[in-house]
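This report concerns only the one structure given below.
The values are calculated or read from the model by the stated rules, or taken from the named source; none is laboratory data. As the structure is a computational prediction, the values presented were derived from the model and not from experiment. Please note: Cβ atoms are built from the backbone with ideal geometry, for glycine as well, and neighbour counts cover all protein chains shown.
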Amino acid sequence: MAQIVAAMAMTHSPGLTGWFTRASQEYQQLALQATAEMRRRLEAARPDVLVMFSNDHLLNWPINNTPEYTVGIADEHVGPAEWFDEWLAMEKYRVAGHSALARWIVNDGARRGLALAYLRQMQYDDGISVPTHYLNPDAQFRLIPVTMNCTVPPIPTPERAYRVGTLMREILRAHPGNERIAVIATGGLSHEPGGPRYFWVDEEFDRWFLDLLKRGDHEALLRECTLERMEAAGSGGTAELLAWVLVLAFTQGPADVLAYMPAVAWRSGTGMVVWNEMAK
Amino acid sequence: MGNVERCDKTLPTNEMIFRVRGDAALRARFVSDLEGLAREFGLSRAEYEALRDKDPRRMMDLGVHQYYVPQILRLFFGASHNSNAHAALECYKRAFPEETAQAMALQERLERGR
């Protein structure tokens, strides 16, 4: 059976590639060191495939039809999407997919009552492209992108994300293959992309959220970190942390917080986290 | 709840930007013939004027989804080097002076603390 060998999370702010040098030298160094450490730990875990949980920024789906979750089932993923490449200051990248496992996720999800949309050709903006740039620059790991809706009302709750994470863990581990799988959440921390508080970062919320991850008490996190609290810390953006909550369900015990930067210059609370222990 | 709850999921502008963004010909027309494009997509006069005036506050008051607002501004001003000094962000500073001042004070405080 397939096994989960690593679980991580990082911010995918477009500033991390598009206008990286506009943040302080200190933040640039912190971000480079933390992502290098994530890559080092990822390589040590020897995954065959990265399952990345991000959100669709209204790129693949129009606002009249936004599925809760969407799986990219292509044999190869190409990004960034037209027009977003210039914004992210990134050359086009190509990463092999894992079509068989991706299609398994969709079909086994249905068997377990989890409705997952899929796309044979997915487009990529910052959500997948920025973590790919830092964690998989040589495309050595295959990729299955899974996007969610966390910005078009109604926005799912953290409880729902955790429940989906639990189902995803069962789905992936039930795959009749011997894949080694790393799960990676992308997005957050506090920010309000395009809202009135576009420049704002809620350092207090971010440090509180990261402390909850360091404690490793899932029940406490789900009880205290409500959707309302996320929205108050930056509407339409902070709820990208639902991807982190989803990945949390793959883990147990405390997380290592590798770095945190309240980076107004990148318009996002910026953080990198690795979990040490996978849920049994 | 938060600002994102204010979006009007049925607003024609939200449908238009989804189509325009990924199509080079429509992106060019957005700049050269916004009024004609707005008519074709069924935008109201108020929607068209908020776009024409590059006013994030009015766009969101009408129900434009907050993700699309910076994209609309990047269609006008270009997508590269989108730092806080970019022309698209200057529109935010004009539209939301109080929120901007708070964020800039925070940045100063954070940098002074180091």
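On the given criteria, is A:VAL130 part of a loop (DSSP other than H, G, I, E, B), of a type outside the set (Asp, Glu) and within 14 Å of another protein chain (Cβ to nearest Cβ)?
Numbers: part of a loop (DSSP other than H, G, I, E, B): no; of a type outside the set (Asp, Glu): yes; within 14 Å of another protein chain (Cβ to nearest Cβ): yes.
The answer is no for A:VAL130.
Okay, residues lined up against (1) touching a His at 6+ places or on another chain (Cβ under 6 Å); (2) at positive phi:
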| position | (1), (2) |
| --- | --- |
| A:GLN28 | no, no |
| A:PRO47 | no, no |
| A:PHE53 | no, no |
| A:HIS77 | no, no |
| A:TRP83 | no, yes |
| A:TRP104 | yes, no |
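All of (1) over 15 Å from A:ALA102 (Cα atoms); (2) within 14 Å of chain B (Cβ to nearest Cβ); (3) outside any helix (DSSP H, G or I) hold for A:THR147 with one exception: (1). Of the helices (runs of 4 or more DSSP H) that lie entirely inside region B:1-73, those containing 3 or more residues that are touching a residue at least 24 places away in the same chain (Cβ under 8 Å) span B:12-21, B:24-32, B:56-62.
Checked against the criterion of being touching a residue at least 24 places away in the same chain (Cβ under 8 Å), in contact with a strand residue (DSSP E or B) (Cβ under 9 Å, 6 or more places away or on another chain), within 30 Å of B:VAL69 (Cα to Cα) and within 12 Å of another protein chain (Cβ to nearest Cβ), region A:150-162 has at least one qualifying residue. Name the residues in region A:228-276 that are out of contact with any Phe, Trp or Tyr (no Cβ under 9 Å at 6 or more places or on another chain), surrounded by fewer than 24 Cβ atoms within 10 Å (Cβ to Cβ) and either free of Cβ contacts under 8 Å to residues at least 40 places away in the same chain or of a type in the set (D, E, K, R) (or both), would you? Matches in region A:228-276: A:GLU228, A:GLU231, A:ASN276.
Only one of the numbered conditions (1) free of Cβ contacts under 8 Å to residues at least 40 places away in the same chain; (2) among the charged types (D, E, K, R); (3) more than 14 Å from chain B (Cβ to nearest Cβ) is not met by A:GLU68, and that is (1).
So A:ASP48 clears everything in (1) closer than 15 Å to A:THR270 by Cα; (2) surrounded by fewer than 21 Cβ atoms within 10 Å (Cβ to Cβ) except one condition, right? Which one? Exception for A:ASP48: condition (1).
Any chance region B:29-49 includes a residue that's more than 7 Å from every other protein chain (Cβ to nearest Cβ), surrounded by 14 or more Cβ atoms within 10 Å (Cβ to Cβ) and farther than 17 Å from B:ASN14 by Cβ? Before you say what the answer is, go through the steps one by one.
Let us first name the residues in region B:29-49 that are more than 7 Å from every other protein chain (Cβ to nearest Cβ), namely B:29-49.
Retained after the next criterion (residues that are surrounded by 14 or more Cβ atoms within 10 Å (Cβ to Cβ)): B:29-30, B:34, B:37-38, B:41, B:43, B:47-49.
Subsequent filtering for residues that are farther than 17 Å from B:ASN14 by Cβ retains B:29.
Taking every residue of region B:29-49 in turn, at least one turns out to be more than 7 Å from every other protein chain (Cβ to nearest Cβ), surrounded by 14 or more Cβ atoms within 10 Å (Cβ to Cβ) and farther than 17 Å from B:ASN14 by Cβ.
What residue, of A:THR151, A:THR157, is at pLDDT below 95, on the phi < 0 side of the Ramachandran plot, more than 14 Å from the chain's Cα centre (by Cα) and among the hydroxyl-bearing types (Ser, Thr, Tyr)? Working first, answer last.
On the way: A:THR157 fails: at pLDDT below 95.
Of the residues listed, the single one that is at pLDDT below 95, on the phi < 0 side of the Ramachandran plot, more than 14 Å from the chain's Cα centre (by Cα) and among the hydroxyl-bearing types (Ser, Thr, Tyr) is A:THR151.
Of all residues in region B:83-101, those that are more than 8 Å from chain A (Cβ to nearest Cβ) have Cβ atoms under 7 Å from Cβ atoms of residues that are buried (at least 20 other Cβ atoms within 10 Å of the Cβ) and of a type in the set (Ser, Thr, Tyr), 6 or more apart or on another chain, in B:LYS93/B:THR100. Scanning region A:183-212 for residues that are closer than 16 Å to A:ASP256 by Cβ and either without any contact (Cβ under 8 Å) to a residue 24 or more places away in the chain or surrounded by fewer than 24 Cβ atoms within 10 Å (Cβ to Cβ) (or both) gives A:ARG207, A:LEU210, A:ASP211, A:LEU212. Filtering region A:108-127 to residues that are within 18 Å of the chain's Cα centre (by Cα) and part of a loop (DSSP other than H, G, I, E, B) leaves A:LEU116, A:MET122, A:GLN123, A:TYR124, A:ASP125. Among the residues making up region B:31-58, those that are out of contact with any Phe, Trp or Tyr (no Cβ under 8 Å at 6 or more places or on another chain) and hydrophobic (A, V, I, L, M, F, W, C) are B:PHE41, B:LEU43, B:ALA46, B:ALA50, B:LEU51.
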